[in-house]
Amino acid sequence: MDETLPWPRSRGLTLIELLVTLVVLSITLTVGAPALQRLVQGNQLRAEAARLVSALNLARSEAILRNSPVSLCPGDAAPDTVATCDGVFADGWIIFSNPDRDARLDAHADEFIRSFAAIPGGYSLSNRSGTRPLAEIITYLPDGSSRRNRTLLLCAPVGTTLKGIGIVLNRVGRARVERGEGTCPSVAT
């Protein structure tokens, strides 16, 4: 008995079907890639802001816990090097106890607490007006205050349309994140 199917057998894709699929895929990628890149950069920007706020909160809580000044300074503390406070915050930062409240990490008097890696390439960390990179030490006193207002501006890579994120540090030492606090010099219009 010969059975016939109600529809013809499919033997694969025709050339027209394949070309239409490729055209739709290329249009989708052309339209979607910039949006995906913006999403990734925005997530990275928020993650770096959260990492910096976390470091500031750690320094503040350590100052209260130790009942002694604790500082956050720009510097690198790679495993094979001696931790030093030099450079700018974009290259990484170090938290250390600072009883003498000077602007350096003294091997004999200060205790190293933790180091943080540099922010990713292309991103920048500067003062609120975006005119100079941050290099000034931040010190928390035993009562948790910093006794100084300042705003750190974290910006996405050059050519993006993302607004910068401001990390606002008030006199009592509280750090918070503010969108649009300051102007990134690299924002495309």
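A short reminder: the numbers here are calculations on the coordinates, not readings from a lab. Remember, it's a predicted structure, so these values are computed and weren't measured experimentally. Neighbour counts run over all protein chains shown; Cβ positions are idealised from the backbone, glycine included.
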Among region 35-59, those whose backbone N falls under 17 Å of a label point 7 Å along Cα→Cβ from VAL172 are 57
GLU111 and THR151 label points (each 7 Å along its Cα→Cβ direction) are spaced in nm at 3.6 nm
When ILE165, ILE113 are ranked with the fewest other C-beta atoms within 10 Å first, the list becomes ILE113, ILE165
So, with points 7 Å from each Cα along the Cβ direction, the ALA47-THR30 label distance in nm works out to 3.1 nm
Summed over the other residues with a beta carbon less than 13 angstrom from that of ARG174, with K and R at +1 and D and E at -1, the charge totals +4
For region 137-147, in residue order, the Karplus 3J(HN,Hα) values (coefficients 6.51, -1.76, 1.60; θ = phi - 60°; whole Hz; Gly and Pro = x) are 5, 10, 10, 9, 8, x, 8, x, 8, 10, 6
Here the relative contact order (percent) of the chain, from C-alpha pairs under 8 Å and at least 6 apart, is 18 percent
Once amide hydrogens are built 1.01 Å from N within the peptide plane, the residues lying 5 or more places from ILE113 or on another chain with amide H under 5 Å from its amide H are ILE95, PHE96, SER97
If amide H atoms are modeled at 1.01 Å from N in the peptide plane, then the residues at a separation of 5 or more from GLY92, or on another chain, having amide H under 5 Å from its own are GLY75, ILE119
Whole-number value, in Å³ per residue, for the convex hull of the alpha carbons of region 10-77 is 170 Å³
Long-range alpha-carbon pairs in the chain, meaning those over 19 Å apart, account in percent for 65 percent
The Cα radius of gyration of region 120-189, divided by 2.2 N^0.38 Å with N its residue count, comes to 1.18
